[in-house]
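Participant: Provided herewith is a single structure, encoded as structure tokens, for subsequent inquiry.
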Amino acid sequence: MDTASPSPEPRGGGVIAVASLTAGVEVIRRFAASLEQQPGVYRMLDAKGGVLYVGKARNLPKRVLSYTAIARLPQRLQRMVSLTTAMTCTVTRSETEALLLEASLIKTLRPRFNIVLRDDKMYPYILLAGDHAFPRLQKYRGKKEGKGIYIGPYASVQSVEQAMLTTQKVFGLRTCADTVFANRSRPCLQYFIKRCSAPCVGYISPDDYAAKVTEAQQFLTGDSGQLRERLVQEMEQASQAQAYEQAASLRDQLKAISWLESQQSVHVPGLDHADVVAGYSAGGWAAVQLFFIRHGRHVGNSSHLLRQPPDVPLPDLLASFLAQFYEQWPAPPQILITPLPTDATLVAEALSLQAGHKVALMQPQRGAKADLLAQTLLNARQAHQRKQQEDSVFAEQLLLLQQRFGLPHPLSRVEVYDNSHLQGDQALGAMIVVGVEGFQKTAYRRFNHTGRVADTRDDYAMMRATLQRRLRAIPKIGNEDNTVDPSALADLPQLWLIDGGKGQLHEAVAVLAEWGLSAAIQVIAIAKGVERDKGLERFFMQDAAGVTQEVMLEEANDNPLRYFLQRIRDEAHRFAITGNRAARQLNARRSHLDQLKGIGPARRKALLQHFGSLRLLTQAGVEDLAQVKGISRTLARQLHQQLHPELE
């Protein structure tokens with residue numbers, strides 16, 4: 001499931017200072033007085049210049065002044081006004097342009113009071129590359145910049161791989177990189193399992209291969225009728241000629257085509273290229289489900305979960321969602337949606353302007369399209385139900401954690417810390433965040449300590465440095481004199497869970513005392529048990545008198561609280577280890593290339609761009625190396641000798 005969520009909304013338990021609210025209103029009034037009655041996009045800024053909120057307006061001064069009517073604003077927006085110290089705006093030619101600019105700025109700036117679509121991934125395409133005599137079949141993400149035929153987008157990698165596998169079986173198109181293709185002297189395994197026609201060694205002519213590429217394009221775009229007829233005729237001819245092995249191969253190709261079409265076929269009249277969107281909301285969360293229809297085929301679905309502020313109705317949320325979602329690529333000509341978003345006509349105009357063709361938003365009430373929309377809505381409801389079930393598990397465990405350890409405040413945000421290094425190298429601290437909604441992965445952070453901590457093998461010093469840098473990163477916390485603005489307390493976690501024993505616990509407690517946050521954040525340290533076995537962990541915390549206490553939990557493996565703490569500790573460990581491993585791999589690659597004589601930064605970059613990876617670079621011959629820009633034949637020979645000293 002693809003999860004999307006807004007920036008964490010500030011917890012509303014604190015009292016908003018009247019002085020801050022009054023100051024914010026005055027800032028807004030002064031700014032509104034300088035505006036002309038034009039459409040545009042406005043931004044509210046905090047004391048550090050960070051963007052709190054991005055909004056669009058048909059009439060800028062009228063919309064901006066609406067924030068001065070404090071009594072009409074929900075508490076969330078009252079808090080936003082209290083934090084506002086400056087405003088800026090961009091005037092646009094129309095409200096449609098303002099909507100597009102608003103969506104772009106929200107995705108780029110991620111303001112804390114906007115509903116932000118956190119799904120930044122580019123959905124995959126199938127690409128038939130057009131820059132080679134034998135085009136490559138490949139999965140592709142990103143902007144359509146290179147030559148070739150782009151088919152999609154698909155909702156998931158699994159959908160792409162499924163379609164590509166069938167295409168390989170039927171048409172035998174190559175999937176290898178150009179560098180591998182150019183260096184083959186005999187067919188690879190793909191040829192022997194009948195998934196490639198081996199153009200690399202001349203087993204198929206360019207013309208015959210081009211014909212297969214054309215057929216593959218027709219198949220992937222839903223035009224497979226003629227292809228099916230041809231395969232049936234060839235199978236019958238092969239059978240009559242008693243070429244049974246060839247006939248069986250053609251039969252298998254027909255089966256593959258039929259299976260993929262049965263998985264993807266939609267059979268909705270008049271629905272060739274469309275997205276089906278349904279939203280469902282309850283309990284402060286909204287689930288948005290999308291079905292992608294391309295060339296009459298269902299090529300996958302995507303699910304998005306968004307936190308829904310109480311003052312934002314579902315049609316408003318869907319309007320913001322559509323503008324941000326289609327900011328990455330053009331919307332299809334038809335979008336079936338329920339419910340219709342607020343200002344549906346304006347949203348359709350904005351999507352049409354962005355796509356370069358007319359985009360229609362519609363909510364069919366009967367017929368096959370309405371049935372498909374109802375099915376999409378059912379999927380949205382089920383996704384929402386799964387989210388509620390997951391939330392209830394985390395909420396129950398956090399309540400149990402609070403009660404068992406005697407914590408003074410309910411837990412809505414827990415930060416878990418771990419350190420990782422390899423004998424002092426690639427040292428980093430990792431932080432994950434757990435709340436009643438589960439793991440909040442958009443809030444995860446890593447802190448690189450290499451060159452910052454004098455002895456990166458000192459776990460205590462690393463933990464202290466990690467926690468110090470974390471506090472400095474919180475708005476209105478990281479002041480030079482380590483003082484805390486009271487209005488920032490609502491954004492703090494209630495608990496730090498530290499991976500370590502009494503030493504790490506004392507470091508965390510000392511950091512909190514230094515910042516005056518001892519009463520705001522509690523600390524629990526989780527230490528590995530005897531022989532580092534799971535189920536034998538030891539838990540430490542300090543009582544009100546500053547005495548370290550060991551809290552005992554039942555050692556049973558089915559103890560739900562112990563299992564929960566193991567789970568979140570292991571997630572922090574995983575996040576730290578993956579960051580450490582990635583840093584080591586990057587450093588190893590850079591170190592290996594740095595050791596090559598005669599290869600400076602520009603040539604290193606050219607080599608990596610040409611071959612794509614260090615592994616392929618080491619497999620290259622002298623002739624291949626000499627083709628890289630800036631590498632002469634003499635230098636290529638020297639480079640090859642350095643890469644392969646065993647050959648000398």
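Participant: Which of (1) buried (at least 18 other Cβ atoms within 10 Å of the Cβ); (2) at pLDDT below 85; (3) in the same structural domain as Ala216 (by TED's automatic domain parsing) is the odd one out, the single condition Arg141 does not satisfy?
Facilitator: Condition not satisfied by Arg141: (1).
Participant: Can you pull out the residues in region 228-242 that are without any contact (Cβ under 8 Å) to a residue 12 or more places away in the chain and more than 21 Å from Arg195 (Cβ to Cβ)?
Facilitator: Applying the first criterion (without any contact (Cβ under 8 Å) to a residue 12 or more places away in the chain) to region 228-242 yields 229-230, 233, 236-237, 239-242.
Glu229, Gln233, Glu236, Gln237, Ser239, Gln240, Ala241, Gln242, listed by residue number.
Participant: Of the residues Gln397, Gln354, only one is of a type outside the set (Phe, Trp, Tyr), touching a residue at least 12 places away in the same chain (Cβ under 8 Å), not assigned by TED's automatic domain parsing to the domain that holds Ser281 and not in a strand (DSSP E or B); which?
Facilitator: On the way: Gln354 fails: not assigned by TED's automatic domain parsing to the domain that holds Ser281.
Checking each option against the conditions leaves just Gln397.
Participant: Turning to a different aspect of this structure: Kindly indicate the residue of region 20-60 that is more than 36 Å from the chain's Cα centre (by Cα) and closer than 13 Å to Val91 by Cβ and also modelled with the highest pLDDT among those meeting that condition.
Facilitator: Gln37
Participant: Return the residue satisfying two criteria in turn: it lies in region 357-394 and is of a type outside the set (Lys, Arg) and assigned to a loop (DSSP other than H, G, I, E, B), and of such residues it is surrounded by the fewest Cβ atoms within 10 Å (Cβ to Cβ). Outline the logic, then answer.
Facilitator: Step one: of region 357-394, the residues of a type outside the set (Lys, Arg) are 357, 359-365, 367-368, 370-380, 382-385, 388-394.
Pick out the ones that are also assigned to a loop (DSSP other than H, G, I, E, B) and you get 357, 359, 363-365, 367.
On the way: His357: 12, Val359: 23, Gln363: 15, Pro364: 15, Gln365: 9, Gly367: 12.
Result: Gln365.
Participant: Here's a follow-up. From the list Val347, Val416, which residue is at pLDDT 90 or above, in the same structural domain as Leu471 (by TED's automatic domain parsing) and either part of a helix (DSSP H, G or I) or in contact with a strand residue (DSSP E or B) (Cβ under 6 Å, 6 or more places away or on another chain) (or both)?
Facilitator: Working: Val347 fails: in the same structural domain as Leu471 (by TED's automatic domain parsing).
Matching residue, one of Val347, Val416: Val416.
Participant: Can you tell me which of Leu336, Leu322, Leu428, Leu400 is touching a helix residue (DSSP H, G or I) at 6+ places or on another chain (Cβ under 6 Å), over 26 Å from Trp285 (Cα atoms) and not basic (Lys, Arg)? Before the answer, list the steps.
Facilitator: Values: Leu336 fails: over 26 Å from Trp285 (Cα atoms); Leu322 fails: over 26 Å from Trp285 (Cα atoms); Leu400 fails: over 26 Å from Trp285 (Cα atoms).
Residue meeting the stated conditions: Leu428.
Participant: Quickly run through region 45-62 and pick out the residues that are without any contact (Cβ under 8 Å) to a residue 60 or more places away in the chain and within 21 Å of Leu109 (Cα to Cα).
Facilitator: Listed by number, the residues that qualify are Leu45, Gly49, Gly55, Lys56, Ala57, Leu60.
Participant: Could you say which residue among Thr466, Thr442, Thr450 is at pLDDT 85 or above, polar (S, T, N, Q) and farther than 29 Å from Val18 by Cβ?
Facilitator: On the way: Thr442 fails: at pLDDT 85 or above; Thr450 fails: at pLDDT 85 or above.
Criteria check complete, one pass: Thr466.
Participant: With respect to the numbered conditions (1) under 30 Å from Val276 (Cβ atoms); (2) of a type outside the set (S, T, N, Q); (3) outside any helix (DSSP H, G or I), which one is the sole condition not fulfilled by Ala216?
Facilitator: (3)
Participant: Right, here's the next one. So which residues in region 92-110 are within 21 Å of the chain's Cα centre (by Cα) and of a type in the set (Lys, Arg)?
Facilitator: Selection gives Lys107, Arg110.
Participant: Something else about it: From (1) more than 25 Å from Phe325 (Cβ to Cβ); (2) modelled with pLDDT under 75; (3) of a type outside the set (Val, Ile, Thr); (4) surrounded by 13 or more Cβ atoms within 10 Å (Cβ to Cβ), pick out the condition that doesn't hold for Pro269.
Facilitator: It is condition (4) that Pro269 fails.
The values are calculated or read from the model by the stated rules, or taken from the named source; none is laboratory data. These figures come from a predicted structure and were not determined experimentally. Cβ: placed from backbone, ideal geometry, glycine included. Neighbour counts: every protein chain shown.
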